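A.B. asks: Handing you a structure now.
The values are calculated or read from the model by the stated rules, or taken from the named source; none is laboratory data. All of these numbers come straight from a predicted model, not from anything done at the bench. Ideal geometry is used to build each Cβ from the backbone, glycine not excepted, and the neighbour counts take in all protein chains shown. SASA here: full protein model, heavy atoms, side chains in, ligands and nucleic acids out. Shrake-Rupley method; radii C 1.70, N 1.55, O 1.52, S 1.80 Å.
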Amino acid sequence: MIRRARQSKFTETCPESPKCCRHGYAVALSTCYWRFCVAAVIATTVSACFPQGDAALSPPETSPTAAESSPTASGAAGDILPDLVMLPLQSIHVGYDRGEKVLRFTADVLNDGDGPMQVTGTRSSTEEPDLLVSQDILQANGNWRSVETDAIMRYETVDGHDHFHLQEFQRYQMRPEDSDEWRGSRKEGWCLRDDGSLRDKPSRYSDEDYYCGEDEDTELTELIQGMTEGWVDSYDWYLEGQYIELKDLILPGNFCLEAEADPNRSLTEKNDDNNVTSTLVHITETEASVVRQGC
């Protein structure tokens, strides 16, 4: 059985409001608010926001071939590769989680490549807790080749996720401006999905056919997750793990906040040099403000 993300990562949508891109509105802390289209964060990109709806495409019916060798950044001849790009961090602010003061933020990762970022998790039986992950790479002839990776998918129940996460897909960390001592976030895994488009291209992955194994931790043995080329996977500030603890830090001060896609370089893509974004943030006891992009 092959499944993917049946429900939105957002807690609730607001149908009474017009939509731009996908999941443009969300309920957070009992307040319905507009989350701007991710296209706005890239000044050089001209985007067309549109709902998925009937325009969604299913992945090609051709199945990946037997898993091959470990991935390389450049891939192989005939590969139509994805390219993960971390967009500038947004909605950075001081908040609380379980009574502790934290820095919350929104992270968006774009697939700016020519092909989809698609992964398949498999296990021999439901007695095994994790799915072993291979990457499905689209070929110029329309077929797919499968590449073994060292990544895994793991079922998560924290904060009502109740689906499989691709572990270590992103990494968040922060350090004082004048220090090289980093502290990380509690985020452990991500459900790859199409949340907003920066190109005039429909999604390959519809929620009806592809979801992250929600409520099927004891049933499925194979699971596909993916990001269409030109689409963004968004992780909003109010989601579980979208923060870094501020406990024991000397405030006020300037801090480098960094997000990295595929930090272990488990996946094959066109370019690894654009996987990191950073923001210099001034943090006080009550608020955070952006000093500049890059630090």
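A.B. asks: Expected output is a single nm value to one decimal: the length gained when fully extending between S124 and D200, i.e. 0.36 nm times separation in residues minus the C-alpha distance. What is it?
C.D. replies: Details: separation 76, 0.36 × 76 = 27.36 nm, distance 3.89 nm.
Length gained between S124 and D200: 23.5 nm.
A.B. asks: Next up: I'd like to check one number: the per residue accessible area of region 90-208, probe 1.4 Å, reported in Å² as a whole number. Walk me through the numbers before you get to the answer.
C.D. replies: Values: 4920 Å² over 119 residues.
About 41 Å² of surface per residue is accessible.
A.B. asks: Please report Rg over Rh for region 142-295, where both radii come from the alpha carbon positions and Rh follows the Kirkwood definition. The partial results should precede the final answer.
C.D. replies: On the way: Rg = 17.7 Å, Rh = 17.7 Å.
So for region 142-295, dividing Rg by the Kirkwood Rh gives 1.00.
A.B. asks: How many percent of the accessible area of region 117-194 is carbon or sulfur, using a 1.4 Å probe? Walk me through the numbers before you get to the answer.
C.D. replies: Values: 1380 of 3440 Å².
So the carbon and sulfur contribution to the accessible surface is 40 percent.
A.B. asks: Still on this structure, please answer the following. Could I have the simple spin-label model distance between N274 and T218, label points 7 Å from Cα toward Cβ, reported in nm to one decimal?
C.D. replies: Distance between the two pseudo-spin positions: 4.5 nm.
A.B. asks: What is the mean projected area of the alpha carbon convex hull for region 131-174, to one decimal in square nanometres?
C.D. replies: Details: hull surface 19.9 nm².
So the Cα hull casts an average projection of 5.0 nm².
A.B. asks: Let a ≥ b ≥ c be the square roots of the eigenvalues of the Cα gyration tensor of region 96-177; is it rounded (a/c under 1.5), or, if not, prolate (a/b larger than b/c) or oblate?
C.D. replies: Working: a/c = 2.83, a/b = 1.46, b/c = 1.93.
Since a/c reaches 1.5 but b/c is at least a/b, the shape of region 96-177 is classed as oblate.
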